[in-house]
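Engineer: Encoded as structure tokens, here's the structure I'll be asking about.
The values are calculated or read from the model by the stated rules, or taken from the named source; none is laboratory data. Not measured: the values here are computed from a predicted model. Every residue, glycine as well, gets a Cβ built from its backbone with ideal geometry; the counts of neighbours run over all protein chains shown. The accessibility values were calculated without ligands, DNA or RNA, using every heavy atom of the protein model including side chains. Shrake-Rupley method; radii C 1.70, N 1.55, O 1.52, S 1.80 Å.
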Amino acid sequence: MSLSKQDFYIVDVFAERKYAGNPLAVVICPEPLPAPDMQSIAREMNYSETTFLQPEPDADGSYRVRIFTPNSELPFAGHPCLGTAWIIRHLYSPDAQEITLKVPAGNIPVTFGSDGVLWMEQLQPTFGSLVSASAAAAVIGLETEEIDERYPAQVVSTGIPFLLIPVKTLASVRSAVYRSEAAAALPAEAAVPVMPFCPETYDKANGINARVFVDELGVPEDPATGSAGGCLAAYLARCRYLGGPSVDTVVEQGYEIGRPSLLYLRASEIDGRFAIHVGGRVFFTAQGQLV
């Protein structure tokens, strides 16, 4: 692989301080890179995701972005969109109040709040396969009675599908362990990244505790997952998990792996149409060059 020097930046996303949240590397690509080169760089960075940004906007003002895990390219992901939008604003468009990213899944608008929270609007959700409580429990190494069967274990996608598993207690979420053999026994459409969650939290100011296992993409546990957050927001609205079709809550994630993260969720459902917004803060931590 032959590369000229290319700038890259590292930010922590869904963080409330530096060295928390989910780290992201953003590589600036004035000239397009072949996909194998981008995959090699993402594997070298070894974060949950690395993004590759074309710094010149398209005619419609959007910025082309590609997203890679250590193992593969993704059509969309949450913390890469927020982190990349933060870099675009600070490098190229300091007065922008909204930046649109053009990712393979579609256009993702990101807005900048006066309180420092960035918000992304996610695509309309699709609600897929239902999984029995016993099968869902097996995937995360729990007993069936630890699953909250008032709500379904279900695959939901706003660009990337996740199996959402409602769990009764924080103790159960904390003890969850991803079991690849049990996941392999699920129907193919349900063998996707897994998000167990519950209404008990470490910090009483937050509304939901969650973990995300993305083993098949080279990320055993993700510290903060904006794409899963959008799926969860749609699920909470549709299932009336918080008492109605509107959602305004804070999800804590990453506490179990030493990367505490906060995801702000806002969602509503009206006549089957969803408005889904996922927010978080971004902190700049490092910059360098690929040589």
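Engineer: Quickly run through region 1-58 and pick out the residues that are surrounded by 14 or more Cβ atoms within 10 Å (Cβ to Cβ) and assigned to a helix (DSSP H, G or I).
Structural biologist: Answer for region 1-58, where residues must be surrounded by 14 or more Cβ atoms within 10 Å (Cβ to Cβ) and assigned to a helix (DSSP H, G or I): 37, 38, 39, 40, 41, 42, 43, 45.
Engineer: Anything in region 230-264 that is within 21 Å of residue 117 (Cα to Cα) and without any contact (Cβ under 8 Å) to a residue 40 or more places away in the chain? List them, or say none.
Structural biologist: Once the filter is applied, which keeps residues that are within 21 Å of residue 117 (Cα to Cα) and without any contact (Cβ under 8 Å) to a residue 40 or more places away in the chain, region 230-264 yields 246, 247, 248.
Engineer: Every residue in region 257-266 that is touching a Pro at 6+ places or on another chain (Cβ under 9 Å) and open to solvent by less than 10 Å² (accessible area, probe 1.4 Å), please. Talk me through it step by step, then tell me what you get.
Structural biologist: Pass one, region 257-266, residues touching a Pro at 6+ places or on another chain (Cβ under 9 Å): 257-261.
Result: 261, single match.
Engineer: Right, something else. Looking at (1) surrounded by fewer than 17 Cβ atoms within 10 Å (Cβ to Cβ); (2) over 28 Å from residue 72 (Cβ atoms), which is the only condition residue 242 fails?
Structural biologist: Checking residue 242 against (1) surrounded by fewer than 17 Cβ atoms within 10 Å (Cβ to Cβ); (2) over 28 Å from residue 72 (Cβ atoms), the one that fails is (1).
Engineer: Is it the case, given these coordinates, that residue 229 is part of a loop (DSSP other than H, G, I, E, B), surrounded by 21 or more Cβ atoms within 10 Å (Cβ to Cβ) and either of a type in the set (Val, Ile, Thr) or not assigned by the TED database to the domain that holds residue 12 (or both)?
Structural biologist: no
Engineer: Looking at region 20-34, I want the residues that are in the same structural domain as residue 47 (by the TED database) and have a partner that is β-branched (Val, Ile, Thr) and part of a loop (DSSP other than H, G, I, E, B) with Cβ atoms under 8 Å, at least 6 apart or on another chain. Which pairs are those?
Structural biologist: Cβ pairs passing all conditions: 22/225.
Engineer: Any residue in region 267-291 that's assigned to a loop (DSSP other than H, G, I, E, B): show its pairings with residues that are surrounded by 12 or more Cβ atoms within 10 Å (Cβ to Cβ) and of a type in the set (Asp, Glu) at Cβ separation under 9 Å, as long as the two are six or more apart or on different chains.
Structural biologist: Pairs found: 281/12; 281/16.
Engineer: Among the listed residues 223, 199, identify the single one that is surrounded by fewer than 20 Cβ atoms within 10 Å (Cβ to Cβ) and within 24 Å of residue 141 (Cβ to Cβ).
Structural biologist: 199
Engineer: Residues to consider are 117, 167; find the one that is at pLDDT 95 or above and under 30 Å from residue 86 (Cβ atoms).
Structural biologist: Answer to the selection: 117.
Engineer: Those residues that are open to solvent by less than 50 Å² (accessible area, probe 1.4 Å) and more than 27 Å from residue 87 (Cα to Cα), I need them from region 273-291; list them, please.
Structural biologist: Hit for region 273-291 is 274, nothing else.
Engineer: Any chance you could count how many residues in region 245-256 are touching a strand residue (DSSP E or B) at 6+ places or on another chain (Cβ under 7 Å), of a type outside the set (S, T, N, Q) and open to solvent by 70 Å² or more (accessible area, probe 1.4 Å)?
Structural biologist: 1
Engineer: Could you please let me know if residue 200 is under 20 Å from residue 144 (Cβ atoms), assigned by the TED database to the domain that holds residue 247 and either of a type in the set (Asp, Glu) or more than 15 Å from the chain's Cα centre (by Cα) (or both)? Even if it seems obvious, please write down each step before you answer.
Structural biologist: On the way: under 20 Å from residue 144 (Cβ atoms): yes; assigned by the TED database to the domain that holds residue 247: yes; either of a type in the set (Asp, Glu) or more than 15 Å from the chain's Cα centre (by Cα) (or both): yes.
Yes.
Engineer: Condition first: open to solvent by less than 60 Å² (accessible area, probe 1.4 Å) and assigned to a strand (DSSP E or B). Now tell me which residues in region 79-101 satisfy that.
Structural biologist: Those that are open to solvent by less than 60 Å² (accessible area, probe 1.4 Å) and assigned to a strand (DSSP E or B): 99, 100, 101.
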